[in-house]
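Report on the following structure.
The values are calculated or read from the model by the stated rules, or taken from the named source; none is laboratory data. Just so you know, these numbers come straight off a predicted model, no measurement behind them. All Cβ positions, glycine included, derive from the backbone under ideal geometry; neighbour counts span all protein chains shown.
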Amino acid sequence: MNNPIILHTVRFVLLVLAQVFVFNNINLFGYINPSVYLLFLILFPVKVNRSLFLFLGFLLGLTMDFFNNTGGIHAAACLLAAYARPLLLKYSFGVSYEYNTIKIDQTPMGGRLSYITSIVVIHHLLLYFLEVFNLRHTLFILKSTFLSSIFTILMVLVIMILFSKKQR
């Protein structure tokens, strides 16, 4: 697939379908659920118009809300993750981000892990806070965020390794 629009459209659709039909059915210990649809936000090109990326992040979250009947919490969490992405890229990759020379799948593992972890934790923290929406349950929010983030990060890394293009 040489056309990037088709590639990202297919990625969007496949990640949403995989999340809805496979990963939403994984529910460890009652509250650990991987959110692999975040791969769309993680792998989206850096050089794209920021307004378009924010819209696509919101659309991704809204699509997940539609399928999960969650009333906008995924849209808010995805929008926050999309909004924070430039800062997280700069923090994780430094000068490479400044010159727009980043390809996430070709970066060192330390920077990649830092970037993926920060996006996932920011997304999950807002998602679980909005889901519970009660500060009396702060410990539950933090526990759910921590455990789901670990599981999501592991799943994202496995998927990235399985579907990466082999280096020659």
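Some observations on this one:
- Qualifying residue in region 5-23 (condition: without any contact (Cβ under 8 Å) to a residue 24 or more places away in the chain, of a type in the set (A, V, I, L, M) and in contact with a helix residue (DSSP H, G or I) (Cβ under 6 Å, 6 or more places away or on another chain)): no
- Those residues of region 130-151 which are without any contact (Cβ under 8 Å) to a residue 40 or more places away in the chain and crowded, with 19+ Cβ neighbours inside 10 Å, in sequence order: 141, 145, 149
- Cβ-Cβ distances below 7 Å connect the following pairs, each with a first residue in region 152-163 that is touching a residue at least 12 places away in the same chain (Cβ under 8 Å), a second residue that is not in a helix (DSSP H, G or I), and a separation of six or more residues or different chains: 152/34; 152/35; 155/34.
- Contacts under 8 angstrom Cβ, first residue in region 58-71 being at positive phi, partner modelled with pLDDT of 95 or more and acidic (Asp, Glu), 6 or more apart: 71/65
- None of 152, 138 is out of contact with any helix residue (DSSP H, G or I) (no Cβ under 8 Å at 6 or more places or on another chain) and either among the hydroxyl-bearing types (Ser, Thr, Tyr) or part of a loop (DSSP other than H, G, I, E, B) (or both) except 138.
- Only listed residue being surrounded by fewer than 17 Cβ atoms within 10 Å (Cβ to Cβ) and either β-branched (Val, Ile, Thr) or modelled with pLDDT of 90 or more (or both), chosen from 87, 41, 56: 87
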